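Encoded as structure tokens, here's the structure I'll be asking about.
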Amino acid sequence: MKITIRFVCLFCAVSVGTAAALAAEKQTKKGPLTPDPQAPALTCEPSEFRSLVLLNHAPADRAQAALAWLKARATVCKSEQMRLVRSNLGQWLGAGLTPEIENAADDIWAAAERGKS
């Protein structure tokens, strides 16, 4: 009797773990989390960028989300905000960092510097 109960409990634990793993896998197959382009007021908060890219596990998804965020906020970022984002790209994006993202961040930072009289 004890062996049967232990087997049933073990089977239930494995089933629950498998179901949780499948649910997590299904959630990640939805694609990358990206900023909402229809957002009412765009702000350039480095903490928002950091959270967005860290919530995307796959490097390609991180890169896509980062580039979308940068392009959407190109005109609203201040120099100091972009300095912080640019300085941390390697740490926050890891393998998702591409030359295209670096160039976009550099261009936005340079434009913010020019606008800062």
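Restricting attention to helices (runs of 4 or more DSSP H) lying wholly within the chain, give those where 1 or more residues are on the phi > 0 side of the Ramachandran plot and at pLDDT 95 or above. Break it down into steps so the answer makes sense when it comes.
Values: elements: 2-28, 46-54, 59-72, 79-93, 99-115.
Filter on the chain gives an empty set.
Residues of region 55-84 being within 10 Å of residue 104 (Cβ to Cβ) and of a type outside the set (A, V, I, L, M, F, W, C), which ones?
Answer for region 55-84, where residues must be within 10 Å of residue 104 (Cβ to Cβ) and of a type outside the set (A, V, I, L, M, F, W, C): just 71.
Another one. Among the residues of region 58-116 satisfying the criterion of being of a type in the set (Lys, Arg) and free of Cβ contacts under 8 Å to residues at least 24 places away in the same chain, which is surrounded by the most Cβ atoms within 10 Å (Cβ to Cβ)?
86
The values are calculated or read from the model by the stated rules, or taken from the named source; none is laboratory data. All values derive from a computational prediction rather than experimental measurement. A quick note on method: Cβ atoms are made from the backbone with ideal geometry, for glycine too, and the neighbour counts reach across all protein chains shown.
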